[in-house]
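A quick write-up on the structure given underneath.
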Amino acid sequence: MRVDLSPESTGKALEVCVNPDYPTTFKFGSPLPPGTTVDVQPENRFAESRGPEVLTFIPREDYLPGERVKVTVRFGDGAAPAIATFVLAGHPARAVSQVQVFRHARPVEVCQQEARDARAEARQCQEENERLRAEGGRPDGLRGMFDAGVMDETGVSFLGLTDTISKPKDNVLEVERAESYRSTGPESRGRVAVRVKLLNPSAKPWTVAGAALMGPKGEELKPLPLWHTGPIHPGAKGGRVVVEFEATKDQARGAYTLKLWDAEGRTVALGKVTFP
């Protein structure tokens, strides 16, 4: 994530997702001026590390989804903008690993790169809108995958994960079975998916509300709409959740972490998720 602080900045707080499993580092474009202060309210909710150009925050293990902590950086040189304000918002799965903060005027090449990035993002949004409109009239199932150009004659590859994934002890549900899938179409377009069967040992029903697939460097793949069999009730035979992501032939390589959560923020995590 990149933050640009111009002299006209209003000081409005920027929300940053944090999670106890991942540190979040604010990296400034130059050393913080002498006299700079950092105010964290409420206190004692993070382990903190500070350097000449960086501020790192690691939420405590009991940091809850939805919990919010305000961080105010007051620069000590009297120049504008005088402050930068952030709200560190607890999320059940996502976390911003690095926030790049630029306070002074930027080089021309940086502005040019931002313009190129904005044009690329606009093209991506346009392509996504066209894809969604086109899919309204496409066939479903394997026919739809062929028509969408995300599967070629090699079909769909399968990999069993049940015996190789890692499962944190604080998972709210038990993972009975897990598999991963990959399909690749022309021009390396494709999809990857994870299917899991979950058992509910808790006292409350659980229904998946969101998912995130994060790589070893904090990268995150773009999810497609979730599919599931409905609420997973305590003591029942279990329910299935399928999470699908757009991925080229070269993406989703290596070990990933899949996190699922319900509307209350109760999470299920699968580590060491790999794809064929």
Checklist entry - Can you list the lysines whose alpha carbon sits under 17 Å from that of Lys204, skipping same-chain ones fewer than 8 residues off? => result Lys237
Item to check | Net charge, Val175 excluded, C-beta distance under 14 Å - Lys, Arg +1, Asp, Glu -1 | outcome: +3
Checklist outcome for this item: The answer for Val3, listing residues at least 5 apart or on another chain whose modeled amide H is closer than 5 Å to its amide H, is Gln100, Val101, Phe102
Checklist entry - Zone of Asp170 (label point 7 Å along Cα→Cβ, backbone N under 15 Å): which residues in region 71-100? => result 90-95
Item to check | Distant-in-sequence amide H partners of Phe26 (H built 1.01 Å from N, under 5 Å) | outcome: Leu55, Thr56, Phe57, Val99
Checklist entry - Among the listed pairs Lys169/Lys272; Lys169/Lys249; Lys70/Lys259; Lys249/Lys272; Lys167/Lys272, which are separated by more than 21 Å between their Cα atoms? => result Lys169/Lys249; Lys70/Lys259
Checklist outcome for this item: Counting only residues 5 or more apart in sequence or on a different chain, those whose built amide H sits under 5 Å from that of Leu224 are Glu244, Phe245, Glu246
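We did not get these values from a lab; they are worked out from the coordinates using the rules stated. The structure displayed is predicted, hence computed values, not measured ones. Please note: Cβ atoms are built from the backbone with ideal geometry, for glycine as well, and neighbour counts cover all protein chains shown.
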